[in-house]
Every structure is written in structure tokens, then in C-alpha cells.
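Enquirer: Provided herewith is a single structure, encoded as C-alpha cells, for subsequent inquiry.
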Amino acid sequence: MGYRPAVFLDRDGTINEQMGYVNHPSRFVLLPRTGEAIRLLNEKGFYVVIVSNQSGVARGYFPESLLDEINSLMHKKLAKAGAHIDAIYYCPHYPTGLIKKYTKKCDCRKPGIGLLKRATEDLPIDMSRSYVVGDTCSDLEMGQKAGLPSVLVRTGYGLGEIEYVLPRRRVKPTYVASDLLDAVHYILS
Ligand SMILES: [Mg+2]
Ligand SMILES: [Zn+2]
């Protein structure tokens, strides 16, 4: 079985516009150059795996079924660019939610590494050559916990995180990228 490295991608603010909660398909808008970035990873033999906190489910802002709808939309939009996602993992939980089923302290909400663990159970991933890319410190902290190099993008919450949050945190990005394509160029270099 061929083990391959993965790039674990955050969703909101990293591949699509940060709009707060994506509580409707109309709010899922791919960022420029996302298709090109993911296609490059596909071509270079990386698994492309999305790991995303979607606490809006626990908070009662939208049903878990919306996540499936958004996934189909994402697959469709990326396919137009010749790009594909290998797997998608969400944390729908929140410790103080409204919907009982999803209200709990879980180990999959980033910066927890539960979603990464699930991915490694499902796919033959070579973690020693894998990366995390995201727009917030919780993405970086997840990477740090898993021992993965982590790239912070300046899209989404990125600029604000760099200016106001990162200085107070112990975590440091391996690289700061202008966007996902820049991050991919770094990873492939
Ligand atoms: Mg994000
Ligand atoms: Zn969770």
C-alpha cells in the first residue's frame, strides 16, 4: 500500500471566503487560485484532506446535512478546475451548544487532533511528510500537537491573527503565505 503525504487544509478562510458561518450554500465562495493550488497538490501526489470546525451545527445555526450540501458544491466547483479533495472531516461539536446531540467537549474540535487521527485511520498517510495549512492559530496549534509543519495563510482571519493573536501564542507558523497557492508552492519547494 503506497503511503503518501497529506496536506490538511482548513476550509473557511483558507479555501473559501471567510464569511463567518457558512450557513447556506450561497455563502460558499472559493478564494481565487484555490482550484489551481489543490490541482497542484493532486498532481504532486499529496492527499488533500479538509479538516474543519463547524460548531454552527452544535449552535443550531444550520443542520449537519448542510455540510454535505456544501461538500457537493465544493467538489463541483473544484472539479471545474481539475482539482479534487480526497477526504473531508468536520467537527460539528461545541462545548456550550444548543443542539444536545452535538454539545460536548470533544477531541476533534481544532486545535484538538481528533480529525487528523481519523484521517490517518482511513487513508495510508505518511505523516512524516505532511503539512497543515490554515488561517488561524488553532490550525497551527493542531499542527504543532501532531508534529506537522504548519503554514498560515493571510486570507480569511489570517491578517488579524498575525497582527493580534499570534504574538501572544507559543505557536509559530513554519511559513506565512499570501494564500493557498503560495502555501502550496512553499510545500512543494
Ligand atoms: Mg479558517
Ligand atoms: Zn468535535
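Enquirer: Cα convex hull of the chain: how many Å³ per residue?
Expert: Hull volume over Cα atoms, normalised by residue count, gives 114 Å³.
Enquirer: Shifting gears a bit: Stokes-Einstein at 20 °C, 1.002 mPa s, Kirkwood radius from Cα pairs: D for the range 136-189 in µm² s⁻¹?
Expert: It comes out at roughly 193 µm²/s.
Enquirer: While we're here: State, to one decimal in nm, how far the label point of residue 73 lies from the label point of residue 165, with both points 7 Å from Cα in the Cβ direction.
Expert: Modelled inter-label distance: 2.3 nm.
Enquirer: So, one more: Can you give me the Cα centroid spacing of the range 105-140 and the range 59-83 in angstrom?
Expert: Here the two parts' Cα centres lie 20 Å apart.
Enquirer: Now for a different question. Return a whole-number percent for the relative contact order of the range 11-149, with Cα pairs under 8 Å and 6 or more residues apart as the contact set.
Expert: Answer for the range 11-149 is 22 percent.
Enquirer: When the helix-only estimate is applied to the chain (DSSP H runs of n ≥ 4, each -39,500 (n - 2.57), divided by the residue count), what is the mean residue ellipticity at 222 nm, nearest 500 deg cm²/dmol?
Expert: Value at 222 nm, helices only: -9000 deg cm²/dmol.
Enquirer: Can you compute the modelled spin-label distance between residue 81 and residue 178, with each label point 7 Å from Cα toward Cβ, in nm?
Expert: Distance between the two pseudo-spin positions: 1.5 nm.
Enquirer: Ok, one more. Dividing the alpha-carbon Rg of the range 1-107 by 2.2 N^0.38 Å yields what?
Expert: 1.13
Enquirer: Another question, if that's okay. Running Debye on the range 47-159 with equal point scatterers at the Cα sites and no solvent, what base-10 log of I(q)/I(0) appears at q = 0.15 Å⁻¹?
Expert: The calculated log intensity ratios at q = 0.15 Å⁻¹ are -0.73.
Enquirer: Same structure again: What is the antiparallel percent of DSSP beta bridges lying wholly in the chain, to the nearest 5?
Expert: 5
Just so you know, all these numbers are worked out from the coordinates, no wet-lab data involved. Because the structure is predicted, anything quoted here is derived from the model rather than measured. Every residue, glycine as well, gets a Cβ built from its backbone with ideal geometry; the counts of neighbours run over all protein chains shown.
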